[in-house]
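Q: Please read through the structure below; I'll follow up with questions.
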Amino acid sequence: MQDKQDPLQVIIKVTAPDGLNDALIGTIRPLLGSIRSRAGCLDCHVYQDAEHPEEMALLQEWETESAFAEHVGSRDYRYILEWMEMSDCTPAVTVSRELNRSGFEVIKKLMRVKQ
């Protein structure tokens, strides 16, 4: 039996060309529900930077690498590639495995250390 691996996290950062923030968000927004419903998708959201609204990030979390591979071969992913091509600069892509998941307890612990 194979050991369970940590989820695969995928972050794609893009920068909208001048005046096309809404167009870039509008291109990716309709895909989110379809991506979230794919087998193995644990999470999928797009975020826009509050200080630099032209900067956006698509964050995805996949149960397994094979689930992500299936997604990469999907029709939805072709639209993600088109979304990336709209970026004003080369998109930044990060694929990683989570080694340790922690929550607010880490912040509380660090706050106690500072006091």
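Q: All other residues with a Cβ under 9 Å from the Cβ of residue 40 taken together, and with Lys, Arg as +1 and Asp, Glu as -1, what is their net charge?
A: Surrounding charge for residue 40 is -1.
Q: Right, something else. Tell me, what is the FRET efficiency for residue 69 and residue 89 to the nearest 0.05, using R0 = 30 angstrom and their Cβ-Cβ distance as r?
A: Once rounded, the FRET efficiency stands at 0.65.
Q: A follow-up question, please. Which translational diffusion coefficient, to the nearest whole µm²/s, is obtained for the chain from the Stokes-Einstein equation, given a Kirkwood hydrodynamic radius over C-alpha pairs, 4 °C and 1.567 mPa s?
A: Rounded to a whole number, D works out at 82 µm²/s.
Q: Follow-up question, since we're still on this one. Sequence gap at least 6, Cα distance under 8 Å: using those rules, report the relative contact order of the chain to the nearest whole percent.
A: On the way: 158 pairs, mean separation 45.7, N = 115.
Taking the mean separation of contacting Cα pairs over the length of the chain, I get 40 percent.
Q: Here's another thing I want to ask about it. Using R₀ = 35 Å, calculate the FRET efficiency as 1/(1 + (r/R₀)^6) where r is the Cβ-Cβ separation of residue 23 and residue 105; round to 0.05.
A: Computed FRET efficiency for residue 23 and residue 105: 0.30.
Q: Here's another thing I want to ask about it. Give me the dipole magnitude in Debye, nearest 20, for the chain about the Cα centre, with unit charges on the beta carbon: positive for Lys and Arg, negative for Asp and Glu.
A: Computed about the Cα centre, the dipole is about 600 debye.
Q: Given DSSP loops and a limit of at most 15 other Cβ atoms within 10 Å, what is the longest stretch of the chain that contains no such trypsin sites (Lys or Arg not before Pro)?
A: 5-100
Q: Please list, ordered by chain and number, the residues whose modelled amide H lies under 5 Å from the amide H of residue 16; skip anything fewer than 5 residues away on the same chain.
A: 55, 56, 88
Every number here is computed from the coordinates shown, using simple stated rules; none is lab data. Here the structure is a predicted model, which means the values were calculated and not measured. Note that we place each Cβ from the backbone using ideal geometry, even for glycine, and neighbour counts take in every protein chain shown.
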